[in-house]
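The block underneath contains the structure these notes are about, expressed in structure tokens.
The values are calculated or read from the model by the stated rules, or taken from the named source; none is laboratory data. In this text the structure is predicted, and so the values were computed from the model without any measurement. Counting neighbours? That spans all protein chains shown, and the Cβs are built from the backbone with ideal geometry, glycine included. Keep in mind that these areas ignore ligands, DNA and RNA; they rest on the heavy atoms of the full protein, side chains included. Shrake-Rupley method; radii C 1.70, N 1.55, O 1.52, S 1.80 Å.
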Amino acid sequence: MAPRAGSRRRSAASLSTRTAHEIPDVHIVERLFSSSLVVVVSHTKPRQMNVYHFKKGTEICNYNYSSNILSIRLNRQRLLVCLEEAIYIHNIKDMKLLKTILDIPANPAGLCALSINHSNSYVAYPGSLTTGEIVLYDGHSLKTVCTIAAHEGTLAAITFNASGSKLASASEKGTVIRVFSVPDGRKLYEFRRGMKRYVTISSLVFSMDSQFLCASSNTETVHIFKLEHLTNSRPEEPSTWTGYMGKMFMAASNYLPAQVSDMMNQDRAFATGRLHFSGQRNICTLSTIQKLPRLLVASSDGHLYIYNLDPQDGGECVLIKTHSLLSSGTTEENKENDLRPPLPQSYAATVARPSTSSASTVPGYSEDGGALRGEVIPEHEFATGPVCLDDENEFPPIILCRGSQKGKTKQS
């Protein structure tokens, strides 16, 4: 069934009142990078998706679906709406419905991922209700690419890196995190988060340069893994006694049970961040602030924690600031740690490549993630549709949804 398109475009005053009084129970909110395009789903209307231009205070359009909306993902080309048993793929420039993926395994958590690189727009979602199978789907050609047998247990988290060339996943046990190449689904890395207890992974994210992978859970520890450069070259012969012992130990692992052998070959965390709480849902990300790498963790109680990350040696991340997201202007700063000598900037040099622009082009956003730093967006990409996001040529232009217009559905 195709979603029903709404017909109203609200004024700034109306939207302001609606936002403040009629939608106090926001359930899902997603913003298109640093643009003014915001998608909102409320608790009172869990089947309705509202698309807003928040700077102008107007509603661009709204769509209603056959069951509750569980998650929304978007990049510059596609907008995904995930229901428990279907995924809708819209063209974000005019909100036309391009595809409805039906007959998927029950997905009560609304688990899905969309590559933020709009040049490929890969989609990933669970392919099984009982195992950790991942279906990789091409959001441009609207065809299935492959399936990946990622874990024995059911999936808890999946995410793409910024370029869409890698896909990371974790199962409900939360002990092992794997990284696969896209689009062939080949396993590249395997990391062990822990052994003592099963956890619930709440957030899984790559750094913008894909050098690190960060995972947070319902425990007090955030793990950061380093994706070392892969090489097929023959390893050098060990020159020390400990080196020979290590080589013999690894060779002996080939004769051990598969589970033991796999555990010995799994990499451990490169760095960790310690939270002063556990049991709360949280999300994490790796960012570059003032040309230095930082670990950011936002908790469900409304606090943002900022940690230093040593990109060379790893180890324990140092908490430097705490922000209250619910009380404006409240900041706790660890001045002692903030005055430590600055960390090496080689990581920042790889992440913060300067952007360039010319008279006929518009530079990409500094935090876009959909393109490499410095990539220039061709001007013709802004030409589609009569309703642009704002006067600063924000991306993408959106065609206003017409009265009773409905997108045509392609089903699979």
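Hey, which of the strands (runs of 3 or more DSSP E) in the stretch 251-310, taking only ones fully inside, have at least 1 residues that are touching a Gly at 6+ places or on another chain (Cβ under 6 Å) and modelled with pLDDT of 55 or more? Hits in the stretch 251-310: 271-274, 292-299, 303-308. Evaluated against (1) touching a helix residue (DSSP H, G or I) at 6+ places or on another chain (Cβ under 7 Å); (2) at pLDDT 95 or above, Ser71 falls short on exactly one condition, (1). Scanning the stretch 82-103 for residues that are more than 14 Å from Ala2 (Cβ to Cβ), free of Cβ contacts under 8 Å to residues at least 60 places away in the same chain and either crowded, with 20+ Cβ neighbours inside 10 Å or in contact with a Pro (Cβ under 7 Å, 6 or more places away or on another chain) (or both) returns Cys82, Glu84.
Checking each residue in the stretch 104-141 for being more than 12 Å from Thr154 (Cα to Cα), out of contact with any Asp or Glu (no Cβ under 8 Å at 6 or more places or on another chain), open to solvent by less than 20 Å² (accessible area, probe 1.4 Å) and assigned to a strand (DSSP E or B) picks out Ala113, Leu114, Ala124, Val135, Leu136, Tyr137.
Yes or no: Ile104 modelled with pLDDT of 90 or more and over 30 Å from Lys166 (Cβ atoms)? For Ile104, the condition - modelled with pLDDT of 90 or more and over 30 Å from Lys166 (Cβ atoms) - is not met.
Restricting the stretch 1-55 to residues that are open to solvent by 90 Å² or more (accessible area, probe 1.4 Å), part of a loop (DSSP other than H, G, I, E, B) and farther than 19 Å from Ser66 by Cα leaves a set whose member that is modelled with the highest pLDDT is Lys55.
If we keep just the residues of the stretch 269-284 that are crowded, with 18+ Cβ neighbours inside 10 Å and among the small types (Gly, Ala, Ser), which is nearest to Ser216 (Cα to Cα)? The qualifying residue nearest to Ser216 (Cα to Cα) is Gly273. Number of residues in the stretch 285-311 that are out of contact with any strand residue (DSSP E or B) (no Cβ under 8 Å at 6 or more places or on another chain) and either open to solvent by less than 10 Å² (accessible area, probe 1.4 Å) or more than 15 Å from Ser202 (Cβ to Cβ) (or both) equals 2. Within the stretch 145-165, the set of residues being within 17 Å of Pro105 (Cα to Cα) and surrounded by 17 or more Cβ atoms within 10 Å (Cβ to Cβ) comprises Ile148, Ala150, His151, Gly153, Thr154, Leu155, Ala156, Ala157, Ile158.
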